[in-house]
Amino acid sequence: MKTHSDELALYVAVVEAGSFRQAAENLGIDNSVVSRGVKRLEEKLATILLHRTTRRLTLTPEGEWYYQRAQQVLSDMAAAEENLLARQSQPEGVLKVDAATPFIIHQLVPIIGEFRRRYPAIELQLESSESFIN
């Protein structure tokens, strides 16, 4: 069963392509799948979104309004998915570094700012000691 977001994506593809045939070609699916998806969407909404003729496809006023919102919804969904995927690929947690004071001062302190910008989900804990560290 097609989801509402699938039908939204089909509708936006048709509007942007200017035809069912071109949208189907762009998506790599059969023309009838695109046509049925848009038809289902119109039936769910009880609204005609597109005027269809053999030569031309135009948006109804409701279709134009819905297209603008559908574009925004799909854009928001893509951004949310991208954000979640990025969160999964970002390291997080506590990083404890125990090192000699000169090493911390000369090697780590100069790069801490960049490290924090690059890995904001890591809590950095620096400890300094002058004894032998294994």
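Looking at 74, 85, 95, can you tell me which residue is assigned to a helix (DSSP H, G or I), at pLDDT below 95 and touching a Leu at 6+ places or on another chain (Cβ under 8 Å)?
On the way: 85 fails: touching a Leu at 6+ places or on another chain (Cβ under 8 Å); 95 fails: assigned to a helix (DSSP H, G or I).
Residue meeting the stated conditions: 74.
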Open item on the list: Every residue in segment 48-66 that is in contact (Cβ under 8 Å) with a residue 12 or more places away in the chain and hydroxyl-bearing (Ser, Thr, Tyr), please.
Closed with: 60, 66
Open item on the list: Given the options 54, 58, name the one that is outside any helix (DSSP H, G or I), open to solvent by 90 Å² or more (accessible area, probe 1.4 Å) and either closer than 24 Å to residue 120 by Cβ or out of contact with any Pro (no Cβ under 7 Å at 6 or more places or on another chain) (or both).
Closed with: 54
TODO: Could you please let me know if residue 39 is open to solvent by 90 Å² or more (accessible area, probe 1.4 Å) and closer than 19 Å to residue 71 by Cβ?
DONE: no
Open item on the list: Could you check segment 75-94 and list, in sequence order, the residues that are touching a strand residue (DSSP E or B) at 6+ places or on another chain (Cβ under 7 Å) and open to solvent by 70 Å² or more (accessible area, probe 1.4 Å)?
Closed with: 92, 94
Open item on the list: Looking at segment 8-24 only, could you name the residues that are outside any loop (DSSP other than H, G, I, E, B) and free of Cβ contacts under 8 Å to residues at least 60 places away in the same chain?
Closed with: 10, 11, 13, 14, 15, 16, 17, 20, 21, 22, 23, 24
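The values are calculated or read from the model by the stated rules, or taken from the named source; none is laboratory data. Given the structure is predicted, the values throughout are model-derived calculations rather than measurements. Reconstructed Cβ throughout: ideal geometry from the backbone, glycine too, with neighbour counts over all protein chains shown. Note: areas computed on protein heavy atoms with side chains; ligands, DNA, RNA excluded. Shrake-Rupley method; radii C 1.70, N 1.55, O 1.52, S 1.80 Å.
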